Amino acid sequence: MAGARRGDAADILHPVVRTIVRSVLALTIIIPVGYMLLMSVTPNVEVAAGTVWPTHFAFSHYVKMWAGTNLGSGMLNSVIICGSSSAAAILLGAIAGYVSSRVRFRGRTGFLSLLLAFQSIPTVMVLLPLVIVMAGLQGLMHIAVIGTYWAVAVAYLTFALPLVTWFIAAYVDSVPRELDDAARLDGASTFQGFIKVIMPLIVPALAVAGLLSFLVGWGDLLIATVISGPGTHTVAVALDSFLATQEGQVLPQFGTLMAASVVSAAPVVILYLGLQRFVVAGLTGASVK
Amino acid sequence: MPLPPKRRRDHADRVSSRTRRQRADGALFRRDLRPLVLMMIPAALVLIIIDLAPAIIGVINSFRLLAFSTLEHWFSAPWLGLRNYREALDGGGGLSVSGLSATWHSLEYSILTTLLALVVGVLAALSVSRRTSSATPVLRALYLVPTALPLFTSSYLWYSILLPKTGLLDVFRHAVGLGNTPNRFLVGGHSFAALVGVDLWLAWGFIYLFALAGLQSIPRELYEAAEIDGATRVQKFRYITYPGIRKLLAVGAVLSTFGHYNDFTLPYILFGAAPPTGVAVLPTTSYAAAYSIYNFGLADALAVIGVIAIIIPVIVYIRYVFSGKAA
């Protein structure tokens, strides 16, 4: 019986070791996250004084924060911006990744490495040229660019698109070419074959790609600080400017800040957990080579 | 089979003139390349405009005097040759730390964090790779929480935990009698440990995902065969698990290293605009060069130095992993 149950990676860890690993990791996650939840309902006076267990729960933070911060508009802006940049990354990246996988052009490996290498370029370095390009467009076409939704979305696409393209190319490599040919023989055009045959097969990869590119924007503070305008401030900027107004105050509202952080984190945590299975499947698929 | 239209008949004729085998490795037919290339055009244009062009402009600007006053006419800004690079390297031009030291701290911190995250991430994946109790699915989700938290949220959280005197850490130390002196994680000697520790907390979940995905791709039969051969746990890991997850882990490790290396949010929130020297990493240093002393050319020179410093070890590493020598 022992033999039958010992045939997999889970048995590499001795049951005792496994329990220790699980407990230690769970505690290191539960304690800080629990502290965050606790602080979010601790009266501001007590957070400032370093109280760990509040005398009473100040659930009112979750009500007051909407008025005290730009959280509501920030979250809406972040959803619009990150949603559109990840939609664009998925669409363009799926096409570019598919083509890069199917066409064995000269310098293909170099091109794919270059896409990955883009992740090594610091945001600060790309930011100014982007601002320059955007300011140029602004002057040339007499339209507002900097401060608009799409300017911020495009800035995130700078990082999301190469990553998504590279990832989808790796995933499509594991989809047999015979499927492309079969679609073609059935009379589908290349593009139709891609949409109707390939796209449904790479859904897990698209989920990973979408999630990763959504997170690029949601967690970013730097790009949003420089490129977003008063009407398009993202949730990170809203929280950061709230924090800035609290520093040096007699009574900083850290409790309220934590409540706002919890709420701003909730959508991505839910998204992550909801897509969990897809993400693992997507990564597994990209590795089969 | 219905009578094919003309276009399809061409296609079929050509199919019949080749064997199936040739089709498989000869990839698509020459004529099929055109729609593929046409499809690629929009994506390629976007990549060129938003990625390649800004990167090239950045490199060009690193050789120029690009201050606030010359920004308007950036294309006619005066050339400086290598002066920005000299200043970046020796810390002149108003920088608080030299580029060499910032690069070194960035490399040290991002590589160390990734190595630790690899160990924790793989252990975590092994601990939940099969449902062994009803806790397994709960843990699988819980393990993702730190990585799923937005960077600014977790950075604030750790900032408030590490805050001297009033943060959770010092309150706890005081309560259990481990000393009353305020910790020096945010302001002094232990800031490097704080940066690595906090980043490890937020980053191992990413590696865990890659490891978990890698584990799913290993056929069970391999473990069963190893079991019959009487392999130990260590041998199973060494000869089955590790080779099976190696490539995927390498990709995760590279992405994770780049992520730490270029992360501005965490060091900025933990240590502010004037960080202790040990944690004055590249992103905050070049941000200061660009947006507090408005020397954009200098900031770009720092960034170019940074890219060169990280890309060389990464290329060596990738070649090593994918050449198969490491197996």
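Of the residues A:V33, A:V16, B:V37, the one with the fewest other Cβ atoms within 10 Å heads the list, and the complete ranking is A:V16, B:V37, A:V33. For peptide A:21-32, the mean count of partner chain Cβ atoms within 10 Å of a residue's Cβ comes to 6.
May I ask for the percentage of alpha-carbon pairs in the stretch B:82-322 that lie more than 30 Å from each other? Distances greater than 30 Å cover 39 percent of the Cα pairs.
With each label modelled as a point 7 angstrom along the Cα→C-beta vector, the A:S60-B:Q235 pair spans 6.8 nm.
The stretch between B:L52 and B:I308, if pulled fully straight at 0.36 nm per residue, gains 90.5 nm over its current Cα-Cα span. Near B:K236, which aspartates and glutamates are there with a Cα under 15 Å away, not counting those fewer than 8 places off in the same chain? Candidates past the 8-residue exclusion: A:D8, A:D11, B:E221, B:E224, B:E227. In summary, the helical segments of chain A meeting the span-like criteria, namely a full DSSP H run, a Cα extent along the axis of 27 angstrom or more and a mean Kyte-Doolittle hydropathy of at least 1.6, are A:15-39, A:149-172. Here's the picture: charge each Lys and Arg Cβ at +1 and each Asp and Glu Cβ at -1 in the protein assembly as shown, and of B:L142, B:L112, A:L115 the one pushed furthest to the positive end of that dipole is A:L115. For the pair A:K196 and A:F105, a Förster radius of 30 Å applied to the C-beta separation gives a FRET efficiency near 0.75, rounded to the nearest 0.05.
Straightening the chain between A:V52 and A:M141 buys 26.4 nm, computed as 0.36 nm per residue apart minus the Cα-Cα spacing. For B:Y320 and B:I41, the FRET efficiency from 1/(1 + (r/R0)^6), where r spans their Cβ atoms and R0 equals 51 Å, is about 0.90.
If you average the alpha carbon positions of the stretch A:250-268 and of the stretch B:115-139, how far apart do those two centres end up, in angstrom? Each part reduced to its Cα centre gives a spacing of 30 Å. Counting only aspartates and glutamates at least 8 places from A:K64 when in the same chain, those with an alpha carbon closer than 20 Å to its own are A:E46, A:D240, A:E247.
By the count of other C-beta atoms within 10 Å, a proxy for reagent exposure, B:Y143, B:Y159, B:Y239 are ordered fewest to most as B:Y239, B:Y159, B:Y143.
Counting neighbouring Cβ atoms within 10 Å and putting the fewest first, the residues A:H233, A:H56 line up as A:H56, A:H233. The alpha carbon centroids of the stretch A:118-164 and the stretch B:231-305 are separated by 22 Å.
Laboratory data are not the source of any read-out in this text; all were calculated from the coordinates shown. Worth saying up front: this structure is predicted, and the values here are computed from it rather than measured. Glycine gets a Cβ as well: all are built from the backbone with ideal geometry, and neighbour counts include every protein chain shown.
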